[in-house]
Every structure is written in structure tokens, then in C-alpha cells.
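Scroll down for the structure; my scribbles are underneath it.
The values are calculated or read from the model by the stated rules, or taken from the named source; none is laboratory data. Keep in mind it's a predicted model, so treat the numbers as computed, not measured. Counting neighbours? That spans all protein chains shown, and the Cβs are built from the backbone with ideal geometry, glycine included. Ligands, DNA and RNA are stripped out before the accessible areas are found, and what is left, the full protein with its side chains, is counted by its heavy atoms. Shrake-Rupley method; radii C 1.70, N 1.55, O 1.52, S 1.80 Å.
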Amino acid sequence: MTVRSYHSSVEALTVIGGSRLSGSVQVTGAKNSVLKLMAASLLAEGTTTITNVPDIVDVEIMSELLRRLDCDVQQEPQSGTVTITVPERPHYRADYDLVRKMRASICVLGPLLSRCGEADVALPGGDNIGSRGLDLHIDGLQRMGAHVVNEHGYLIATAQRLQGANIWLDFPSVGATETLIMAAVRAQGVTVIDNAAREPEIVDICLMLVAMGAHIEGIGTSTISIEGVESLHPVEHRVVPDRIVAGTWAVAAAITGGDITVEGINPEHLRIALDKLHTAGAEVTAADGAFRVTMEGRPKAVDIVTLPYPGFPTDLQPQYIALNSIADGAALVTENLFEARFRFVRELARLGADVRTDGHHALIRGKAALSGAPVEATDIRAGAGLVLAGLVAEGRTEIYGVSHIDRGYAGLTEQLCALGAEVERISV
Ligand code: UD1
């Protein structure tokens, strides 16, 4: 299977602003979980089945990466199922041509090192949102006895058998927590990760690993304790719903003065984000596995501070800046995770938004109206923010860089149209 084109996209989304969105949308599995679950399958010989898989480009890239590691990967986008058959001895080198397309490829580092005693993983590229170091991944693996060097653009990690260790993360990094958990499940002895990340996607990975036979305590807390086992077995696992996609739909309702019910989601995972919409004037009702956002009139400006979970997610920051750009009043948004995430406001300014940035703060003075223009998406969530702004901008907005949006949002155009938006995907 070929990977859909990522670079040099000639496609654009055109949005005619002004429609009020209403109806229901179904959310599928989280991008930020499924990629790691696919990597975790490397930890057990045999066939792992993953369900509720979103039909996004990043899943194709990860499938291709696993095939290069000698796994057999079958994708069934219709049913949202991926099956991965892992050989007794997987290949241990993740090449640059795939890793550069998706930073999340780094998540094969822990499982490969654990299974093969060596992992050669190209240093990743990925989203254009900051420097995104790997020092916490490397420090943690070294504490577990791995030898790690950076040679010719590759991280080369070796360890005959990883040893349990006490690891204190300087920052609750999602990626580092995942790497270290996946390295520790088959290590000799007990590993304790302190100041671990607590995102729902990390809980999801832990639950799959436990089903595979891992011994993990403190799941969902900032202290995770893992007792290594000799071997793990393959399982079937359903991916946790995508809270970021769900949050994007919530903003779509609020920004268009609409009424959207989002199904297939745990509203608890979005508590702060939904509370902010309530502050902005929306009516938010949560039920078991769903929530509904209804908005009348213009939203009020809301301040945002991004933080690791359970704080406000950085992956919803551009969407809330878009909301604030047409809100009544001024809002201060503070970005604490990715310094380059404000790059997208230059594009938003092309639609007439009034946003000033200073370091990791952005001041947004809400305008009564935006006006449609051609803009460029620079990463997945910036793309989502621009689509939302386009939904309320007067006239026609053309969003280029659609390939970024395809990395994280399955069937976005169709879903938007079903909710009443005037959106089209065009080749230019
Ligand atoms: C993951 C998500 C991303 C989300 C982010 C924060 C995936 C595929 N991506 O990214 O969508 O925005 O969590 O919720 O799951 N850092 C270091 N050294 C390290 C690791 C991280 O300095 O070794 C820094 C990064 O530069 C960044 C911050 O820590 O400033 C957060 O990074 P991290 O939590 O690791 O995010 P990712 O796993 O890259």
C-alpha cells in the first residue's frame, strides 16, 4: 500500500462562511493514541487487532513503518480495524523517509529496544510547532541501562536487557512517558516514573499493555510503577475516542452559533475545554458517551492557559484563538508547551483577526466579523483553527496545506457538509 502524499499538496478546502452548524457527529479513535498502540503491538509476537481506528494519513504512515520492521499490517478503513502481525524477530531500524513525515514514529524506540536489544530510529520531523526535544526519552532509557548515541541523524539505542530504574521527568512529557512505559514493561525489575504525563491516551496505552500481560500500577496518575515481565501476548484493543477532534466540533458549534451533538466521546476528557465554552456563553450538556454544545449569539472572550493534562490541551489552542477572534471582548492565551504554535496567527490575521503575540502570550481582541481570504495551514491544529475561522468569515476562505489536516481529521469535509457548512475540497 502506498502512503498518501504528504508534501506538495495541490488541494485546498474552500469554506463559504456564515452557515450555522447543527446536527450530530460521531468521533472515532484518537490519533495520539492509535499510533502508540500500533507501536506497542511490537512488544508481542503474533497478531494484535486494534479497533475504532481513525482513517487518517498518520495511521497509513505508521502502518508503512511497521511493515518496514517486518510486520504484516492489514488496514480496513471501513470497519476502522487494523491488524498487525509481529514476527519473532522484528527489524529494528526506522528509516528517515518515514520518520521525517511523522514525529510520532519515535514511539517505536521503546518497544524495539525492548524486543530487539537495539533500536535505530531516525531523528523525527513532524509538526511545525517547535523544537520538541528528545532528551527526556534518552535520559530515561539511559537510566534503564541503555547505551544511546546520535549518529548520522539516527538515535541508536542498545541494551542487552533493560533494567528497572527510578526516573523523575523534568516535565510530564507525553512522548517520553510513553517511551519509558513501553521500554519498562519487559525490563528486568521495577521501574517507577515520577512526574509522568496523565493524558487519556497514556491511560489507553497502559490498559492495552495490561491486557497484554504487563504489570502497571498508578495508571492515570503522575507516578507510574511498572514491574517488568518476561513476555507479552497480543490482544484486541479499542482506541480511546479523540478528545481533540471532539473539542474541535465543540468549538464549531460555539463559533457558528450552532447546535452540535458529539457522540462516541468521554466528556470527562474535555472538562476544562467544555467549561471554557460555557464561560463563552454556550450551553453545554454532557451525557454518557456524548455532549451537546448550543450557542446563541456572539461568544464572550475567554482566557486560556495550555498545560499538560488535566490542564487545557495545547492541541485545542488554535481552535480557541479562532473562537476568541470573533468574540465580544479581549482574551489572553498563554501557550506553555510549543513555542512555535502561535505561527498560525499570521494566517488568522489574513482573515482580519486582531492577534498580538509576545513570547508565549497572545492577546486577541475580538472582531465583529472576519473576512474570507486564502490562508495556509502549517500544522494539523492550525489547520483546524483556520477551518473554524473560515466558517464565520464573510465570503470565501481557501485553506491550503490540507495534507496537514488529513493527518488528524478523518472525513472532515463530509462531516462539515452534513452539519450544514458550505465546504468543498478542490484541486488547484
Ligand atoms: C504529544 C502529542 C501532541 C500534543 C503533545 C502535548 C502525539 C503524537 N502528539 O506530543 O499532539 O500536543 O503531546 O500534549 O501524541 N520535551 C522536551 N524533551 C523531551 C520531550 C519533550 O523538551 O524529551 C518538550 C517538548 O519540546 C515540548 C514539551 O516537552 O515543549 C511537550 O512535549 P511532549 O509532551 O513530549 O509532546 P509530544 O509527545 O511530542
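Note on ALA330 and ALA349: their simple-model spin labels are 1.7 nm apart, each label 7 Å out from Cα toward Cβ. Identify the residues of segment 49-91 with backbone N under 15 Å of a label point that sits 7 angstrom from the Cα of HIS233 along the Cα-to-Cβ direction, or state none. Of the residues in segment 49-91, 49 have backbone N under 15 Å from the label point off HIS233.
When each of the peptides 256-266, 312-322 is scored by how many other beta carbons lie within 10 Å of its residues on average, the order from highest to lowest is 312-322, 256-266.
Average accessible surface for the chain: 38 Å² per residue, computed with a 1.4 Å probe over protein heavy atoms with every protein chain in place. Per residue, the convex hull around the alpha carbon atoms of segment 184-234 comes to 55 Å³. For the chain, the fraction of 1.4 Å probe accessible surface lying on carbon and sulfur atoms is 46 percent.
When the alpha carbon gyration tensor of the chain is reduced to an equivalent ellipsoid, the three semi-axes, largest first, read 37, 21, 20 Å.
Comparing VAL240, VAL99, VAL108 in a Gaussian network model of the chain (Cα springs below 10 Å), the most mobile by mean-square fluctuation is VAL99. For the Cα trace of segment 273-374, dividing Rg by the Kirkwood Rh returns an Rg/Rh value of 0.98. For the chain, the share of DSSP beta bridges that are antiparallel, to the nearest 5, is 75%.
For segment 214-348, relative contact order (Cα pairs under 8 Å, six or more residues apart, normalised by length) works out to 19 percent. In order along segment 269-280, the Karplus-derived 3J(HN,Hα) couplings, from 6.51 cos²θ - 1.76 cosθ + 1.60 at θ = phi - 60°, round to 6, 10, 4, 5, 4, 6, 5, 5, 5, 4, 4, 6 Hz, and Gly and Pro are given as x.
At what distance in nm do the modelled label points of GLU422 and SER79 sit from each other, each positioned 7 Å from its Cα along Cα→Cβ? About 4.1 nm separates the two model spin labels. The Cα atoms of segment 178-317 define a convex hull whose projected area, averaged across directions, is 8.8 nm².
If the segment from ARG271 to THR285 were pulled out straight at 0.36 nm per residue, it would be longer than the present Cα-Cα gap by 3.9 nm. Whole angstrom only: what separates the Cα centroid of segment 187-244 from the Cα centroid of segment 249-263? Distance between centres, Cα-based: 33 Å.
Mind pulling the angle between the C-alpha long axis of helix 57-68 and the longest principal axis of the chain? Nearest 10 degrees, somewhere in 0 to 90. Approximately 20 degrees, to the nearest ten. With the convex hull drawn around the C-alpha atoms of segment 34-145, the volume per residue stands at 95 Å³.
Coupling constants for segment 392-399 follow from the phi torsions by the Karplus curve (6.51 cos²θ - 1.76 cosθ + 1.60, θ = phi - 60°), and in residue order they are 10, 6, 5, x, 9, 10, 10, 10 Hz; glycine and proline get x.
Remark: the SER222-ALA340 segment gains 39.8 nm on full extension, using 0.36 nm per residue and subtracting the alpha carbon distance.
Counting heavy atoms of the protein chains alone, CYS417 has an accessible area of about 60 Å² for a 1.4 Å probe.
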